[in-house]
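Below is one structure, written out as structure tokens; the observations come after it.
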Amino acid sequence: MGRGRDDAEGDRMSGQEERPATRLVTAGRRKAWTQGIVNPPVWRASTVLFDSVADLRAASAAPDDNLYYGRRGTPTQWALADALTTLEPGGAGTMLYPSGVAAVAGAMLSVLSPGDELLMVDSAYEPTRAFCRTVLKPMGITTRFYDPLIGAGIAELIGPNTRALFLESPGSLTFEVQDVPALCAAAKARGLVTLLDNTWATPLLFPAIAHGVDLSILACTKYVVGHSDTMLGSVTANAACFPRLRQVAQSLGQYVSPDDAFLALRGLRTMGVRLRQHEAGGLAVASWLAEQPEVAAVLHPALPGCPGHDLWRRDFAGASGLFAFVLDGGSDAARTALIDGLRHFGIGFSWGGYESLALPIDPTPIRSATRWTAAGPAVRLHIGLEDPADLIDDLAEGLARFRKAR
Ligand SMILES: *Cc1c(COP(=O)(O)O)cnc(C)c1O
């Protein structure tokens, strides 16, 4: 059983030319891997048995193209990786990781070496910053943080040792939309590699490699899995960056279980319809919040008040269900009164599942290159697949509790 070019049914390059909704249905479903079953089965393996020493040697000569050893995956993981590549026009291959953070780390380690400098967006996911501090810095790799809205001005920050530019758009917690094409063009002109954490949009709403990015990172834990029950990450790379990405992932022993890959593939098939519902619900709730007197600002890329909103309109095919709002004054206790009594919003980390979540956020101590100033405490919401009218009723009661506790 092979995963190489001979299995023409799933030919990737032609797959990337179909429209995204069709790709979500067909991607990764090679007959050689499924034997005709609709969903690629869960293939669990460590040892793979060969018929002879000659067969073992032949497999060792091409370990990425055939069943070889469990750590290199089975058709279940191959199908997920192949599907994610098919969804990313310009992608040459995808590596899977046991979490989104592991994917961020694997991507960075594949492009950086001691002595290099990394340019990191100031609105990055906090554990991404932590990786720079706790792993890259002791390795002799320095990190310089930049304003998410810097655009082509990034050129002035590129020095002789700068090797890579990391983007996240929209940013975690604060949702600044970056000028990805301008940043990537400036980086490319100076020979830098570009990496983007594309978890908020997924390739359906923002095809990252087509916009100039070299390595596109997803916390599949969020919208790909979509059901809040599995941790997984992926990095899809263009042809120039994929061989080194794969080499480093294999050397680090990165591996995901076939059960988790199966759940991610199952989630992927409905990601398009789920995202449309998350977008509609999110816009309904965000627009309502924008009109409430207790709300000072709504940070939703599709609303005009969000930094980079025009770039979102120019570059994105839609919005997902995650955004934040800032209260007009009020204490932490008043914000807590708002959140604690919510009936339809869970209180917890992560997002991207079918259920709604509310989280108190304070971006101030996380920033270093820019300053986060706001009129009051802030709340991040993930809008799930519930009826938005119920969510709005719930938030209206929450704002009443906030007024009382203020
Ligand atoms: C959640 C998240 C991650 C990390 O994903 P995990 O699977 O939780 O490790 C990375 N980037 C962004 C933007 C995220 O929201």
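The values are calculated or read from the model by the stated rules, or taken from the named source; none is laboratory data. Remember, predicted model here, so these are calculated numbers, not experimental data. Cβ: placed from backbone, ideal geometry, glycine included. Neighbour counts: every protein chain shown. To get the accessible areas, we keep the full protein, side chains included, count just its heavy atoms, and leave off ligands, DNA and RNA. Shrake-Rupley method; radii C 1.70, N 1.55, O 1.52, S 1.80 Å.
When GluC sites (Glu not before Pro) are flagged only if DSSP places them in a loop and at most 10 other Cβ atoms lie within 10 Å, the longest unflagged stretch of the chain comes out as 18-290.
Rounded to the nearest whole Hz, the Karplus-based 3J(HN,Hα) values (6.51 cos²θ - 1.76 cosθ + 1.60, θ = phi - 60°) of region 102-119 follow the sequence 5, 5, 4, 5, x, 5, 5, 5, 7, 10, 10, 9, x, x, 6, 10, 10, 9, with x at glycine and proline.
Given all pairs of different Cα atoms, what value in angstroms does the Kirkwood hydrodynamic radius of region 272-405 take?
Values: mean 1/r = 0.0663 Å⁻¹.
So the Kirkwood estimate lands at 15.1 Å.
Region 325-375: which trypsin sites (Lys or Arg not before Pro) are DSSP loop and have at most 12 other beta-carbon atoms within 10 angstrom? Write down the numbers at each step before the final one.
Details: sites: Arg335, Arg343, Arg367, Arg371; in loops: Arg343, Arg367, Arg371.
Passing both the DSSP loop test and the Cβ count: Arg343, Arg371.
Between Ala297, Ala107, Ala375, the Gaussian network model of the chain with springs among Cα atoms under 10 angstrom shows the greatest mean-square fluctuation at Ala375. Surface analysis of the chain yields an accessible area of 41 Å² per residue, using protein heavy atoms and a 1.4 Å probe. Region 141-168 and region 198-254 have their alpha-carbon centroids 21 Å apart. In the context of the full protein assembly, Ser234 retains an accessible surface of approximately 0 Å², using a probe radius of 1.4 Å and ignoring ligands and nucleic acids. Of the accessible area of region 272-405, computed with a 1.4 Å probe over protein heavy atoms only, carbon and sulfur atoms account for 53 percent. Sorted largest first by accessible area at a 1.4 angstrom probe radius, with every protein chain in place, the residues Met108, Met231 fall in the order Met231, Met108. The slack in the chain from Val38 to Trp372, taken as 0.36 nm per residue of separation less the alpha-carbon distance, amounts to 115.4 nm.
Before rounding to the nearest 500, sum -39500 (n - 2.57) across all DSSP H runs of length at least 4 in the chain and divide by the residue total; then give [θ] at 222 nm in deg cm²/dmol.
Mean residue ellipticity at 222 nm (helix-derived): -10500 deg cm²/dmol.
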